[in-house]
């Protein structure tokens, strides 16, 4: 039996004793190479007979640190700390670690195949010879396929199992930070100190752990909050072609949470560094980074890092959800995530299916998005709202990945290139967009003033097609078109300038009561901004009451309409 023993601070007599113990264990005389390794601080790590025996002081210290890591508990007092410390000290015991190792038989494009590792589990971390880490993704009887997260290896080198899965630090210390999918800082600052860690793969809450989605998540975008409301705990897909404003909607939603007590996590997957820098700059300028965490795996990262990025972001958001708080996570975007997974799967020799994606690509996203939920009161009542983004080609929402994600989520916001290029921003196609939570997650004030907005817009878009051919219309149809074009103009909104709830209620109330009837269509957007500015100056108490109560009564409605008509007369309409 041959083997290698790395040791530190051990005498020759102690090394002889180690040799004798291994001879007894394996039942034969062995040939052991003893190599000094001072960083072990004491003890030894032996690689013999396909197994690793770790009895080093450095591993003992790591185990002690793990046992003495306490949760970030705001209610932790001296008495509770002493109780937890006594309990963990009593249970703590380190008898050394024994695990198997294998040999790399092929390596290329960030994927390795290892012979000799048995008993591994899916998602387990593997340690490379240079200290790097790989993620086990393909398990067979005699071989393990793994994706290298960081480090390098070559054929013939040793790979060891760790018996643990990948986890990531989580906590308030991450707020305002930009990190990698493994928790390393990317903003030039020191590593964040978090007292809690969460596995990136975690079971979704069960049915009995959830409750109905009933609390709104205001995006600040009039077209979405009025017709496609999003609730806390919902999973709403943002889908559309390239350069149609998908990321802008997600960023505006994050900006609108500045006073909503919602922790936001923005996950960039395979994006250009310049695009991510632009998003971060916007969040910093609007003072949104104080409640936002950015998880970035740019296009220059390996496919493995892009693969784990959304799961890491979800794990961080879950920490806040299970702490009884509300969290919002944006996945930008899952199309690139699926492409990264396809590249890894093909290199792992998995059989390709439709569009060369592996057969489990549906499970790839379902196990991620199902973790979004509104928890019941027994679990703290926290929520995790997911806004996945998917890119389409030429508006084809029937492609493989779009249809998969649409079937998983609770609705979609479809952005149309034609609307975007015609000047409609955000370019939301009302006919193809839907929220399956519906008005149950909408404020009472919004329900009362939305009226026939969606119907008017749908009729306007349908009739405008016929007008392109010079068709004549009757007076009723002409009136409907006048209403539709003004409401369509009203929904135009500058990017990174979200409305408050009171602003949205006032604009919808004005649209339903013909306040903009005499305003030329091309001036409706500017008239709306002027109207909001006047209401903020003249009756801030009324706007404050609408925001606080989330409802509107006849008295408030009458006062607002009176001030609106006066404002329009001053505006010249």
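The values are calculated or read from the model by the stated rules, or taken from the named source; none is laboratory data. The structure displayed is predicted, hence computed values, not measured ones. Positions of Cβ are backbone-derived with ideal geometry, glycine not excepted, and every protein chain shown enters the neighbour counts.
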task: Answer with yes or no whether residue 489 is free of Cβ contacts under 8 Å to residues at least 40 places away in the same chain and under 33 Å from the mean Cα position of the chain (by Cα).
output: yes
task: Can you confirm whether the stretch 209-221 contains a residue that is outside the structural domain of residue 379 (by TED's automatic domain parsing), more than 30 Å from residue 490 (Cβ to Cβ) and part of a helix (DSSP H, G or I)?
output: yes
- request: Kindly indicate which of 500, 526 is free of Cβ contacts under 8 Å to residues at least 40 places away in the same chain, closer than 23 Å to residue 457 by Cβ and assigned by TED's automatic domain parsing to the domain that holds residue 479.
  value: 526
message: Suppose the filter is assigned by TED's automatic domain parsing to the domain that holds residue 411, over 22 Å from residue 401 (Cβ atoms), modelled with pLDDT under 95 and more than 16 Å from the chain's Cα centre (by Cα); does residue 260 pass it?
response: yes
query: Can you tell me which residues in the stretch 269-304 are in contact (Cβ under 8 Å) with a residue 40 or more places away in the chain, in a helix (DSSP H, G or I) and within 13 Å of residue 336 (Cβ to Cβ)?
result: 303
message: Go through (1) surrounded by fewer than 17 Cβ atoms within 10 Å (Cβ to Cβ); (2) touching a residue at least 40 places away in the same chain (Cβ under 8 Å) for residue 437 and report which single condition fails.
response: (1)
message: Being assigned to a loop (DSSP other than H, G, I, E, B) and surrounded by 12 or more Cβ atoms within 10 Å (Cβ to Cβ) is the filter here; which residues of the stretch 198-208 pass it?
response: 200, 201, 202, 204, 205
task: Specify the residue that is nearest to residue 482 (Cα to Cα); the eligible residues are those in the stretch 446-456 that are over 32 Å from the mean Cα position of the chain (by Cα) and part of a helix (DSSP H, G or I).
output: 456
message: So, in the stretch 191-242, how many residues would count as being more than 18 Å from the chain's Cα centre (by Cα) and touching a residue at least 12 places away in the same chain (Cβ under 8 Å)?
response: 27
- request: Could you grab the pairs with beta carbons closer than 7 Å, sequence gap of 6+ or different chains, first residue in the stretch 536-565 and not assigned by TED's automatic domain parsing to the domain that holds residue 260, second one surrounded by 15 or more Cβ atoms within 10 Å (Cβ to Cβ) and not in a helix (DSSP H, G or I)?
  value: 546/552; 547/500; 550/443; 559/539; 561/513; 563/539; 564/515; 565/515
- prompt: Of all residues in the stretch 407-429, how many are within 29 Å of residue 464 (Cα to Cα) and either at pLDDT 95 or above or touching a strand residue (DSSP E or B) at 6+ places or on another chain (Cβ under 9 Å) (or both)?
  reply: 13
- prompt: On the given criteria, is residue 181 touching a strand residue (DSSP E or B) at 6+ places or on another chain (Cβ under 9 Å), in a loop (DSSP other than H, G, I, E, B), buried (at least 18 other Cβ atoms within 10 Å of the Cβ) and modelled with pLDDT of 90 or more?
  reply: yes
Condition met for residue 423 (outside any helix (DSSP H, G or I), in contact (Cβ under 8 Å) with a residue 24 or more places away in the chain, surrounded by fewer than 16 Cβ atoms within 10 Å (Cβ to Cβ) and in contact with a helix residue (DSSP H, G or I) (Cβ under 8 Å, 6 or more places away or on another chain)): no
message: Taking the conditions exactly as written (crowded, with 24+ Cβ neighbours inside 10 Å and at negative phi), does residue 392 satisfy them or not?
response: no
- request: List every residue pair whose Cβ atoms sit under 9 Å apart, with the two residues 6 or more apart in sequence or on different chains, where the first one lies in the stretch 123-144 and is free of Cβ contacts under 8 Å to residues at least 12 places away in the same chain and the second, anywhere, is part of a loop (DSSP other than H, G, I, E, B) and surrounded by 16 or more Cβ atoms within 10 Å (Cβ to Cβ).
  value: none
message: Looking at 295, 276, 280, can you tell me which residue is touching a strand residue (DSSP E or B) at 6+ places or on another chain (Cβ under 7 Å), in the same structural domain as residue 382 (by TED's automatic domain parsing) and closer than 30 Å to residue 381 by Cβ?
response: 295
task: Sort through 100, 14, 33 and tell me the only one that's at pLDDT 85 or above, in contact with a strand residue (DSSP E or B) (Cβ under 7 Å, 6 or more places away or on another chain) and not in a loop (DSSP other than H, G, I, E, B).
output: 33
- prompt: Out of (1) in a helix (DSSP H, G or I); (2) in contact (Cβ under 8 Å) with a residue 12 or more places away in the chain, what's the single condition that is false for residue 517?
  reply: (1)
message: Yes or no: the stretch 403-410 includes at least one residue that is buried (at least 20 other Cβ atoms within 10 Å of the Cβ), over 24 Å from the mean Cα position of the chain (by Cα) and part of a loop (DSSP other than H, G, I, E, B).
response: no
Candidates 268, 304, filtered to the one that is over 18 Å from residue 386 (Cα atoms), surrounded by 23 or more Cβ atoms within 10 Å (Cβ to Cβ), outside the structural domain of residue 496 (by TED's automatic domain parsing) and touching a strand residue (DSSP E or B) at 6+ places or on another chain (Cβ under 6 Å): 304
- request: Name the one entry in 322, 341, 331 that is under 18 Å from the mean Cα position of the chain (by Cα) and farther than 24 Å from residue 406 by Cα.
  value: 322
query: Is it fair to say residue 540 is loosely packed, with under 12 Cβ neighbours inside 10 Å, modelled with pLDDT of 85 or more and more than 20 Å from residue 427 (Cα to Cα)?
result: yes
message: Of everything in the stretch 277-298, what is out of contact with any helix residue (DSSP H, G or I) (no Cβ under 8 Å at 6 or more places or on another chain) and surrounded by fewer than 19 Cβ atoms within 10 Å (Cβ to Cβ)? Give them in sequence order.
response: 277, 278, 281, 284, 285, 287, 290
